[in-house]
1. Would you please name the residue that is surrounded by the fewest Cβ atoms within 10 Å (Cβ to Cβ), looking only at residues in the stretch 196-216 that are hydrophobic (A, V, I, L, M, F, W, C), in contact (Cβ under 8 Å) with a residue 40 or more places away in the chain and not in a loop (DSSP other than H, G, I, E, B)?
2. Restricting to the stretch 183-195, and then to whatever is within 30 Å of W268 (Cβ to Cβ) and buried (at least 20 other Cβ atoms within 10 Å of the Cβ), can you tell me which residue is nearest to the chain's Cα centre (by Cα)?
3. If you go through the stretch 114-150, how many residues are hydrophobic (A, V, I, L, M, F, W, C), part of a loop (DSSP other than H, G, I, E, B) and in contact with an Asp or Glu (Cβ under 6 Å, 6 or more places away or on another chain)?
4. Identify, from the list T164, T118, the residue that is out of contact with any His (no Cβ under 7 Å at 6 or more places or on another chain) and either within 26 Å of Q213 (Cα to Cα) or outside the structural domain of V46 (by TED's automatic domain parsing) (or both).
5. Would you mention how many residues in the stretch 44-72 are at pLDDT below 95 and closer than 22 Å to R150 by Cβ?
6. Quick one: G230 ticks every box in (1) free of Cβ contacts under 8 Å to residues at least 24 places away in the same chain; (2) surrounded by fewer than 20 Cβ atoms within 10 Å (Cβ to Cβ); (3) not aliphatic (A, V, I, L, M) bar one, so which box is it?
7. Can you run down the residue pairs with Cβ atoms below 6 Å, 6 or more apart or on separate chains, where the first is in the stretch 58-70 and farther than 21 Å from V120 by Cβ and the partner is surrounded by 21 or more Cβ atoms within 10 Å (Cβ to Cβ) and of a type outside the set (A, V, I, L, M, F, W, C)?
8. Quick one: in the stretch 155-182, of everything that is aliphatic (A, V, I, L, M) and within 10 Å of the chain's Cα centre (by Cα), which residue is nearest to R233 (Cα to Cα)?
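The values are calculated or read from the model by the stated rules, or taken from the named source; none is laboratory data. All of these numbers come straight from a predicted model, not from anything done at the bench. Here the Cβ positions follow ideal geometry from the backbone for every residue, glycine too, while neighbour counts run over all protein chains shown.
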Amino acid sequence: MIRLCWSRAGAAIGLLMLLAAPGAAQAPAQADEFVPQVGQAGKDVVWVPTPPELVEAMLDLAKVTPQDYVMDLGSGDGRNVIAAARRGARALGVEFNPKMVALSLRNAAAAGVAARATFVEGDMYKADISQASVMALFLLPSNMLELRSRFLDLKPGSRIVANTFGIEGWTPDETVSISDKGCSAWCTALLWIVPARVAGNWRLGNQPLVLSQEYQMVSGMLDGAPIADGKLRGDRIRFTVGTTEYTGRVSGNRMEGTARAAGTGTPWTATRGNLDAR
């Protein structure tokens, strides 16, 4: 679901309806059951469903497994949550519209995944996302920006996957398009992997290591020599100093891994002296 400020909703509804995936399925219902309409507006919500093919592409990109706990904020008719539950994951949708919540529960039951797919009525900005290993979302950039700091507080290695819209300032780790598979609207999935926090002063052996961090990108100095190609992927870190490539894993205030130069690998360990905010 896409959330919009009410003052912008009127202009956006027409555009979103034009851009909505052709033939976007409406949930089957009995005569007395709520049936959502593409582009419908609520208090601050416009509903545009993610095409089923992109839902699957998003979950593939996030590598969802039965060990994951998947959350969707503004979960609409529940399709992201239900698709994750079909893969064996536990999944939770948070949705403001109580009729959408009821519809999602019916859809989950019809799909045979009610035991793994849960839906609650609530405000996405107040939802507790701390236990999520995957966030599967279709939100506007303004929503993503407001949630950004909370995403960064997730456990390193947690994945955020979204339909089309990015997170201001934070470059996706991967982007996949399904436009070559017949998709005509909402065809792009973006993935971010929550990086460990490494900014600060470290000691690698007897050498000072000073790291700066901008999301998953890392720069700094090792004993006065500049670091190049520094990057995090969750708790995994990689950087180069001169002709030596350092790879390793971050665990709180400790890093350890292997330094390779001229085909030879040497173990390395670094410990952090003080914590700096990202």
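1. Going through the stretch 196-216, the residues hydrophobic (A, V, I, L, M, F, W, C) turn out to be 196, 198-199, 202, 204, 209-211.
After this cut, where a residue has to be in contact (Cβ under 8 Å) with a residue 40 or more places away in the chain as well, the list is 196, 198-199, 202, 204, 209.
From the residues that got through so far, the ones that are not in a loop (DSSP other than H, G, I, E, B) too are 202, 204, 209.
Values: W202: 22, L204: 19, L209: 25.
The residue in question is L204.
2. W192
3. Filtering the stretch 114-150 down to residues hydrophobic (A, V, I, L, M, F, W, C) leaves 114-115, 117, 119-120, 124, 127, 129, 132, 134-140, 144-145, 147.
Now narrow it down to the ones that are part of a loop (DSSP other than H, G, I, E, B): 114-115, 124, 127, 129, 132, 138-140.
Filter once more, so that each one left must be in contact with an Asp or Glu (Cβ under 6 Å, 6 or more places away or on another chain): none.
Total satisfying the criteria: 0.
4. Values: T118 fails: either within 26 Å of Q213 (Cα to Cα) or outside the structural domain of V46 (by TED's automatic domain parsing) (or both).
One residue alone meets the criteria, T164.
5. Count: 3.
6. (2) is the only condition that G230 fails.
7. Once the first residue is farther than 21 Å from V120 by Cβ and sits in the stretch 58-70, its partners that are surrounded by 21 or more Cβ atoms within 10 Å (Cβ to Cβ) and of a type outside the set (A, V, I, L, M, F, W, C) give A62/R159.
8. Filtering the stretch 155-182 down to residues aliphatic (A, V, I, L, M) leaves 160-162, 167, 176, 178.
Right, trim to within 10 Å of the chain's Cα centre (by Cα) and you get 160-162, 167.
Values: I160: 13, V161: 15, A162: 18, I167: 17 Å.
Once the filter is applied, the top-ranked residue is I160.
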